[in-house]
1. Considering segment 8-63, what Rg and Dmax in Å follow from its alpha-carbon atoms?
2. Show me the ranking of peptides 38-50, 21-33 by mean Cβ neighbours inside 10 Å, starting with the highest.
Amino acid sequence: FLETAAYFCMKPKMGEKEVSPHSFFSIWHEFSSDFKDFWKKENKLILQERVKEAEEVCRQKKGKSLYNIRPKHDSGIVSKNCGDI
């Protein structure tokens, strides 16, 4: 524990000889809960952006036709027979 506290440059409070686990973990708890809250907010924003992008792609694909409609040509058997009448 003391090596970890020294790694994070924790100094003992006034009147204490060493860093207590309570003081170290109270600061760590605040940091981790803030980090978790920001993480959730950021993930929510990223998800919203991805949903908007997916909706835009769907709108663009719906706007384009998946097949082409060609005009009907009068070159079949029926058009040849109907022209004689």
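Rule-based calculations on the coordinates, nothing more; no lab input. Since we're looking at a predicted model, the values are computed, not measured. Cβ: placed from backbone, ideal geometry, glycine included. Neighbour counts: every protein chain shown.
1. Both quantities, over Cα of segment 8-63: 22.2, 72 Å.
2. Working: 38-50: 10.0, 21-33: 11.7.
Per-residue mean Cβ counts within 10 Å order the peptides as 21-33, 38-50.
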